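Novice: First the structure, then my questions, so here it is.
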Amino acid sequence: MFKICSIGCGNMARSGHGPAFKKYAETYPDTQLAACCDLKIENAESFKEQFGFKKSYTDYKLMLNEIKPDAVCLISPVDKTVDIATQILEMGYPLILEKPPGRNKKEVKKLISAAKESGVTVRVAFNRRYTPLLAALKEFTKNEVVRNITYQMYRKDRRDDDFSTTTIHAIDAVKFIADCDYKTVDFTYQQIDGENKNVANIYLNGIFESGAIAQLSLVAMGGTVAERISVNTDVASYFVELPFWSNPDSPGKLTRLVGNNVTDTIYGDSLIDSTEMFLESGFYQENRDFFEAVRSGDYTEDVSSGLQSVEIADCIRKRKIKYKK
């Protein structure tokens, strides 16, 4: 029996990861959703009942020591992530953790070190990497030269003190599409009249080591919730409308054009068996990929792949105007 434990039973766990765990257990009958944990017992109990876990806890160390799972999922606030994740790895359990893997370079380096010392499978849940439409885009562009990327992230009335933990999605997704590291990034901040100093729209101009150019609009105070991408290669132009949170773009669309001709149009619901958010936004795919890696003995860590994304997001947190690798 392949036993899974999950830590953190808040909104993100319920909307994205919980349904993914349930579907995985239904698809692979040798899977047991063994236990879940949250500081609030009522959250853990309701999560257990909603998604089919066997037991609930408020102490994750006690849970792991009693259950001895094959895989652990951590969905915690970013200020708690590194400490909890490091302790889980020191106990020797394979781990997938919700992004970001830390608030800064120092925290992520600590986690990378713990991951390597543990010798177990470790993944970071950057779900955009697993979104079916972005996977299709990557398949198209794998033999093409990416020249420029635009990424427009819109949110409505987001007054978070730290919007960087959301913007990291776009930062990492663009790096994923470019398939190489940022070389430099310039930042512009648009303060919003009448709002506190932490509320701003953020604009990035990036140059990749490949020579590709990226422009990111990370709009906290927009008029809707959407994420749209355009990519130009040496062969074609691509336009992607990402689906998530039942936004108007759901189920999403990818359009490929060569010259004035539309060569391909792919709708998101053609790639999955339903338009539930946890499927169309990649949560099921990332968790399934992790579980299958653990089963196969793929003892690799991909925390390192998120390090630069964290560094750039930390620049936003600190309101820096320039990043250089």
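Novice: Under 9 Å by Cβ, and 6 or more places apart or on different chains, what pairs join a residue from the range 303-325 that is in a strand (DSSP E or B) with one that is hydroxyl-bearing (Ser, Thr, Tyr) and surrounded by fewer than 14 Cβ atoms within 10 Å (Cβ to Cβ)?
Specialist: LYS322/THR184; TYR323/THR184; LYS324/THR184
Novice: Criterion first (modelled with pLDDT under 95 and over 17 Å from ILE96 (Cβ atoms)) does ASN11 satisfy it? Reasoning before the result, please.
Specialist: Working: modelled with pLDDT under 95: yes; over 17 Å from ILE96 (Cβ atoms): yes.
The answer is yes for ASN11.
Novice: Also, quick follow-up: Give just the number: which of (1) of a type outside the set (S, T, N, Q); (2) surrounded by 13 or more Cβ atoms within 10 Å (Cβ to Cβ); (3) touching a residue at least 24 places away in the same chain (Cβ under 8 Å) does LEU257 not satisfy?
Specialist: (3)
Novice: Another question, if that's okay. Name every residue in the range 111-125 that is touching a strand residue (DSSP E or B) at 6+ places or on another chain (Cβ under 9 Å) and either touching a residue at least 60 places away in the same chain (Cβ under 8 Å) or not small (Gly, Ala, Ser) (or both), in order of residue number. Full working, then the answer.
Specialist: From the range 111-125, those touching a strand residue (DSSP E or B) at 6+ places or on another chain (Cβ under 9 Å) are 111-112, 114-116, 118, 120-125; that's our starting set.
If the condition is that a residue be touching a strand residue (DSSP E or B) at 6+ places or on another chain (Cβ under 9 Å) and either touching a residue at least 60 places away in the same chain (Cβ under 8 Å) or not small (Gly, Ala, Ser) (or both), then LEU111, ILE112, ALA115, LYS116, VAL120, THR121, VAL122, ARG123, VAL124, ALA125 are the ones that fit.
Novice: Sticking with this structure for a sec: Taking the conditions exactly as written (surrounded by fewer than 18 Cβ atoms within 10 Å (Cβ to Cβ) and outside the structural domain of ALA170 (by TED's automatic domain parsing)), does TYR299 satisfy them or not? Steps first, answer last, please.
Specialist: Details: surrounded by fewer than 18 Cβ atoms within 10 Å (Cβ to Cβ): yes; outside the structural domain of ALA170 (by TED's automatic domain parsing): yes.
So TYR299 fits the description; yes.
Novice: Find the residue count for the range 24-75, including only residues that are at pLDDT below 95 and either among the aromatic types (Phe, Trp, Tyr) or crowded, with 19+ Cβ neighbours inside 10 Å (or both). Full working, then the answer.
Specialist: In the first step, residues of the range 24-75 are kept if they are at pLDDT below 95; the result is 29.
Filter once more, keeping what is either among the aromatic types (Phe, Trp, Tyr) or crowded, with 19+ Cβ neighbours inside 10 Å (or both): none.
Residues meeting the conditions: 0.
Novice: Need the failing condition index for ASN143 against (1) more than 27 Å from GLY211 (Cα to Cα); (2) part of a loop (DSSP other than H, G, I, E, B), just the number.
Specialist: Every listed condition holds for ASN143 apart from (1).
Novice: Can you tell me which residues in the range 1-18 are on the phi < 0 side of the Ramachandran plot and buried (at least 19 other Cβ atoms within 10 Å of the Cβ)?
Specialist: ILE4, CYS5, SER6, ILE7, CYS9, ALA13, GLY16, HIS17, GLY18
Novice: Still on this structure, I have one more. When the residues of the range 269-291 are narrowed to those that are in a helix (DSSP H, G or I) and more than 18 Å from the chain's Cα centre (by Cα), which ends up surrounded by the fewest Cβ atoms within 10 Å (Cβ to Cβ)? First the steps, then the outcome.
Specialist: Quick first cut of the range 269-291, residues in a helix (DSSP H, G or I) only: 269-270, 277-280, 283-291.
With more than 18 Å from the chain's Cα centre (by Cα) added as a condition, the list becomes 269-270.
Numbers: ASP269: 17, SER270: 13.
It comes out as SER270.
Novice: In addition: Quick test for you: out of ASN143, ASN104, ASN148, pick the one residue that is in the same structural domain as GLY222 (by TED's automatic domain parsing), within 21 Å of GLY206 (Cα to Cα) and either surrounded by fewer than 21 Cβ atoms within 10 Å (Cβ to Cβ) or in contact with a Lys or Arg (Cβ under 8 Å, 6 or more places away or on another chain) (or both).
Specialist: ASN148
The values are calculated or read from the model by the stated rules, or taken from the named source; none is laboratory data. What you see is a predicted model, and the numbers here were worked out from it, not measured in a lab. Please note: Cβ atoms are built from the backbone with ideal geometry, for glycine as well, and neighbour counts cover all protein chains shown.
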